[in-house]
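Before any comments, here is the structure.
The values are calculated or read from the model by the stated rules, or taken from the named source; none is laboratory data. These figures come from a predicted structure and were not determined experimentally. Cβ coordinates were reconstructed from backbone atoms using ideal geometry, including for glycine residues, and neighbour counts include every protein chain displayed. With ligands, DNA and RNA removed, areas are computed over all heavy atoms of the protein, side chains included. Shrake-Rupley method; radii C 1.70, N 1.55, O 1.52, S 1.80 Å.
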Amino acid sequence: MAPIAVGSVIPDGTLAYLDDDNKPQTVSIHSLAAGKKVIIFGVPGAFTPTCSLKHVPGFIERAEELKGKGVDEIICISVNDPFVMNSWAKTFPENKHVKFLADGAAKYTNALGLELDLSDKGLGVRSKRFALLVEDLKVKVANVESAGEFTISSAEEIIKAL
Amino acid sequence: MGMLLCCLFPLDSIEWENLVMASATVNGGGCRLRVIRSVSAALGRRFYAKVATGTDIVSAAPNVSLQKARTWDEGVASKFSTTPLKHIFKDKKVVIFGLPGAYTGVCSNKHVPSYKENIDKFKAKGIDSVICVAVNDPYTMNAWAEKLQAKEAIDFYGDFDGSFHKSLDLVTDLSGALLGTRSERWSAYVVDGKIKALNVEEAPSDVKVSGADTILGQI
C-alpha cells in the first residue's frame, strides 16, 4: 500500500484497548475521528527508548496546548497487543489526554501504508514513526519519519501546522 | 477398548464419565478411531502434537532462535543477536514454560510467580536454568520481567515471530482476546535437549498442569 498522503481520507479500521475492567475492547478509527480534529501518531514499539523517552512524552507534555488549538483527540498507535499497550501507557502516569490504541496485527498500519519490517531487531512488522493531523477524516499534515530518525514526527513539529 | 483408551488418556472420574458417554454414541466400523477422536474433542485435548516426551527439542525446531529479554541499548550493543536453541538446551538441565502473553492476567499473577517462588527448589534439583518464553518481542519481555522482579530467578526469552512455538505445534489462536496467534500455556523438563516431561494446559487461562509444582514432581 502506498503511504497515506495529504488530502486523502484516512481508512477506517479497528484498534484495540483495555477497558477499566482490563477487558479487551475495539474501537473504529472513524468513530473517533469523524467530524473532529485529531492527531494520530505511530511508534515502532512499546517499551523501546525513542518511543518511550521522546516521542510519547512530547505529545503528553504538549497535550493541553494541542487541545487549546482545537485538537479533539491525540491518538498513539503501535503494532502491539492491547495488554502491552495498556501496561506501557501506565508508565506515563502524568498522561491525561493521549489515547494508546493497539494495532496488534498491523492491519491499520498496513492500511495507512506505514508498515516497517523490523524483524532483524526482533520486532517483526511494525509501524514507521509518524504523525498525522486529520480533520474530519481528511489528512491535512503527514509527517513520516525515516527509519531511526526522530525529527518531523514530534509534537513540536505538528503544532506548527495548527 | 476401554482399557486401551484409559492408557492413552489418564483420566479423573469426571473425565471418565465423559468418555463413557462419548463412546456410547459410536457404533459400526472404524469404532476405535472414531471414539478416540470424539473423546479427544469432548475433552478438548490435542490429538496430534508435534512434540512429546522423548522428542529432541532442538531437532524439532531446526534453525530456530529465541531472543533473550533485553533493553534496546543492550540489543544495539549485541548487534541484535539471537540465541540458537542448542545454546539453551545442549548439555543442560532446563525447565522451560511458555505462556500466551506478557502483561496478561494469569501469566503475570499466577504462572510466572509459581516459578519465581520455587526457584530454590529447582536449583536444589540441579536445574541449570528456568526459562520463560512467549510470543512477544524481547524488549516487552524485558520490561515485563523487570516489573515482575523475576529476572534474577528466571531467564526470559521472546519468540517474536512465533517460529519456536509454531515448530513445536504449541500455538493457539487467541484472536478472541485480541492477541492473535500465541503460545499455549505449557511447561517442559528438558535434559540435553530431550524432553523428559511435557505439560500442556487444555485452556490457556488455566494453570493446572503447567505450574512449578507439577514439574517439580516430574524432575
### Message
Please list, ordered by chain and number, the residues whose modelled amide H lies under 5 Å from the amide H of B:A197; skip anything fewer than 5 residues away on the same chain.
### Response
B:Y189
### Query
Expressed as a fraction of 2.2 N^0.38 Å, the rule-of-thumb size for a compact globular protein of N residues, what is the C-alpha radius of gyration of chain A?
0.94
## Note on the structure
The farthest towards the positive end of the charge dipole of segment A:2-99, of the residues A:A5, A:S31, A:S52, given +1 on Cβ of Lys and Arg and -1 on Cβ of Asp and Glu, is A:A5
### Summary
Taking every other residue with Cβ under 11 Å from the Cβ of A:R129 and scoring Lys and Arg +1, Asp and Glu -1, one gets +1
### Message
Give me the one-decimal Kirkwood hydrodynamic radius in Å for the protein assembly as shown, with the sum taken over alpha-carbon pairs.
### Response
22.7 Å
### Query
Which of A:V139, A:V38, A:V27 moves most in a GNM of chain A, Cα contacts under 10 Å?
A:V27
### Query
According to the square roots a ≥ b ≥ c of the eigenvalues of the Cα gyration tensor, what is the shape class of segment B:92-188, taking rounded for a/c under 1.5, prolate for a/b larger than b/c otherwise, and oblate for the remainder?
prolate
### Query
Sequence-distant or interchain residues sharing an amide H contact under 5 Å with A:L118, placed H: which?
A:G124, A:V125, A:R126
### Query
Counting GluC sites (Glu not before Pro) as exposed when in a DSSP loop with at most 12 other beta carbons within 10 Å, what is the longest stretch of chain A free of them?
A:1-93
### Task
Taking trypsin sites (Lys or Arg not before Pro) as candidate sites, keep only those in a DSSP loop with at most 13 other Cβ atoms within 10 Å, then name the longest stretch of chain A containing none of them.
A:1-68
### Task
Could you pull out every residue, at least 5 positions away or on a different chain, whose amide H is within less than 5 Å of the one on A:G13? Hs are placed 1.01 Å off N in the peptide plane, and Pro or chain starts have none.
A:I29, A:H30
### Task
Give me the orientation-averaged projected area of the Cα convex hull of segment A:53-108, in nm², one decimal.
4.0 nm²
### Message
Modelling each spin label as a point 7 Å along the Cα-to-Cβ direction, I'd like the A:M1/A:S146 distance in nm, to one decimal.
### Response
2.5 nm
### Query
Between segment B:82-135 and segment A:121-162, what is the C-alpha centre distance in whole Å?
38 Å
### Cα centroid separation - segment B:136-167 against segment A:11-57, whole Å
24 Å
### Summary
Applying the gyration tensor rule to the Cα atoms of segment A:106-160 (axes a ≥ b ≥ c; rounded if a/c under 1.5, else prolate if a/b exceeds b/c, else oblate), the class is oblate
#### Entry: Loop GluC sites (Glu not before Pro), segment B:87-182, which have at most 11 other Cβ atoms in a 10 Å radius of their Cβ (DSSP)
B:E152
## Note on the structure
The local net charge around B:D173, scoring Lys/Arg +1 and Asp/Glu -1 for residues other than B:D173 whose Cβ lies under 11 Å from its Cβ, equals 0
### Query
What accessible area per residue comes out for segment B:142-190, rounded to a whole number of Å², with a 1.4 Å probe?
37 Å²
### Message
What does the charge count around A:A155 come to, taking other residues whose C-beta lies under 11 Å from its C-beta (Lys +1, Arg +1, Asp -1, Glu -1)?
### Response
-1
## Note on the structure
In the protein assembly as shown the accessible area split gives carbon plus sulfur, as whole percent at 1.4 Å, a share of 51 percent
#### Entry: Over 18 Å (Cα to Cα) - which of B:K93/B:K125; A:K140/A:K160; A:K54/B:K68; A:K37/A:K128 fall in this group
A:K54/B:K68; A:K37/A:K128
### Task
Could you pull out the trypsin sites (Lys or Arg not before Pro) across segment B:130-219 that fall in loop regions by DSSP (anything but H, G, I, E, B) with no more than 12 other Cβ atoms inside 10 Å?
B:K208
